[in-house]
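Data first, discussion second: the structure below is written as structure tokens.
Please treat every number below as a calculation from the coordinates, not as lab data. Quick caveat, the model's predicted, so the values are computed rather than measured. Reconstructed Cβ throughout: ideal geometry from the backbone, glycine too, with neighbour counts over all protein chains shown.
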Amino acid sequence: MPDAVPTLSLPSGETVPILGQGTWRMGENGKKAKAEIAALRLGLDLGMTLIDTAEMYADGGSEEVVAEAIAGRRDETFLVSKVWPGNASRAGTLAACENSLRRLRTDRLDLYLLHWPSRFPVAETVDAFEQLRAAGKIRHWGVSNFDPGEMEEVVSLPAGPQVATNQVLYNLTRRGIEADLLPWCRARKIPIMAYSPIEQGRMARHPALAAIGSRHQATPAQIALAWLLRQGDLMVIPKAGSVEHVRENRAALDLRLTEADLAELDRAFPPPTRPRKLQML
Ligand code: NAP
């Protein structure tokens with residue numbers, strides 16, 4: 001049995017694993033569902049119990065794959081879903097949550113996120129989140145793809161201190177948030193959830209990562225994940241559609257990058273020198 005996955009604390013004090021599982025593109029192709037479910041179940045076995053989905057993914061199909069994977073294992077899962085911004089009015093958020101609960105075959109979400117800033121005032125979406133929280137339908141809420149200015153607006157709301165996370169694009173090739181959003185969130189103890197941690201698979205072929213990986217008997221994807229995981233205060237949610245990739249991603253937790261590795265990574269993927277517009281995928 002491998003060591004437990006390290007955890008971090010949400011602002012509520014609840015702990016969650018720093019390595020979880022993404023599910024974008026799951027549920028799009030019925031022929032892949034069996035492998036996707038097996039991958040998610042192995043991830044649960046290995047302690048990657050945070051599962052991230054969204055109503056938008058495969059038009060609800062990803063939530064249905066997740067429902068099958070966590071059947072009988074709901075209590076060990078920290079389940080995250082997201083409301084699509086077009087649904088983020090007060091009534092729309094309440095209805096979208098009910099639909100996600102039905103597809104996920106559960107009575108509550110552990111974390112419900114606004115997928116990206118919407119045309120509805122964020123105060124309205126947050127009011128709906130608070131209503132859902134009071135009713136026990138969601139346990140925490142947060143946001144995704146919010147820049148520092150948008151985060152300022154959230155935390156200034158009466159319920160603002162409840163914001164549990166901001167899920168954003170972050171990996172070695174997308175370091176922009178280090179100039180502003182990441183320190184802003186760290187100062188307020190709002191943990192970031194890093195999405196597309198291997199750049200949707202593109203970093204799995206990167207020569208700079210392959211060179212460092214060869215010194216650790218590790219793959220480029222594992223080096224990309226290890227670099228995020230070593231920070232210790234981020235949730236990292238790679239999507240893996242096969243048990244082989246899940247095993248590999250889990251093993252990234254055991255890698256120890258050296259100071260020389262880190263310096264080499266900074267040369268290959270320089271940190272930002274000034275704030276830039278928040279990137280999204
Ligand atoms: P990702 O996790 O960076 O990459 C997923 C891709 O990498 C898949 O093609 C996967 O292939 C491949 N892969 C996984 N493990 C690998 C390994 N060990 N070696 C080689 N290739 C590997 O990209 P992502 O899916 O965009 O991001 C992760 C999750 O973040 C999403 O699934 C979703 O839950 C969330 N997300 C949120 C937002 C947002 O706006 N909030 C946006 C994007 C993503 P296989 O499927 O074949 O294993």
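Details
- Binned Cα-Cα distances of the stretch 64-194, short to long, each 5 Å bin given as a whole percent: 2, 11, 21, 21, 19, 13, 9, 3, 0
- Share of alpha-carbon pairs per 5 Å distance bin for the stretch 1-127, given as whole %: 2, 11, 21, 21, 19, 15, 7, 3, 1, 0
- Dividing the helix sum by the residues of the chain, where each DSSP H run of 4 or more adds -39500 (n - 2.57), gives a mean residue ellipticity at 222 nm of -11000 deg cm²/dmol.
- Dipole magnitude of the chain about its Cα centre (Cβ charges: Lys, Arg +1; Asp, Glu -1), debye to nearest 20: 400
- Orientation-averaged projection of the chain equals 14.0 nm² [convex hull of Cα atoms, one quarter of hull surface area].
- Relative contact order for the chain, counting Cα pairs under 8 Å that sit 6 or more residues apart, in percent: 20
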